[in-house]
């Protein structure tokens, strides 16, 4: 069975702010109007993060805009949403998230075979000098590509 993937959005800021150690694919428990808004790409995951409560995974700070065609059944834009992950993956994450400096950030959102999925990254915050190094590496790659195009 081939994976039919439609990318909704990417959290570019996360890879700059954090060092990603591991990634997980999680399903998201949503209401109907939320899915319709996500399909219209009216969602923001910049300031969101995931946490574990009572052995279950939740995401907070994910803003899904109200669906224009929705009536009084519309959803609350900033509500806490449950994420679906295998039990063994959650157990593995519990130990890591208790360590100081680790967090679970969303990296991208996509629709896979009709289901909304969230790619989560187990992340450790970068220091200021690490961020400067990331910018420096990106600039060097860009200059190198520019030089290659010039001489080819």
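Since every read-out is calculated from the coordinates, none of them should be taken as a lab result. What you see is a predicted model; the values in this text were computed from it and never measured. Positions of Cβ are generated from backbone atoms using ideal geometry, with glycine treated the same way; all protein chains shown enter the neighbour counts.
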Projected-area average for the range 8-50 over all orientations - Cα convex hull basis, square nanometres: 3.6
222 nm mean residue ellipticity, helices alone, for the chain (DSSP H n ≥ 4; -39,500 (n - 2.57); rounded to 500): -10500 deg cm²/dmol
Spin-label model distance (nm) - residue 151 vs residue 112, 7 Å beyond Cα toward Cβ: 4.2
Contour minus Cα-Cα distance for residue 22 and residue 10 (0.36 nm per residue): 2.7 nm
Per-pair calculated FRET efficiency, R0 = 25 Å: residue 96 and residue 135 via Cβ, rounded to 0.05: 0.35
Inter-part distance where the range 67-104 and the range 1-62 are each reduced to a Cα centre, Å: 8
Residue order, fewest to most surrounding Cβ atoms within 10 angstrom, among 64, 90: 90, 64
Helix axis angle, 128-151 relative to the chain longest principal axis, alpha carbon, degrees: 60
Alpha carbon convex hull of the chain, volume per residue in cubic angstrom: 159
Relative contact order computed over the range 62-141 (Cα-Cα under 8 Å; 6+ residues apart), in percent: 17
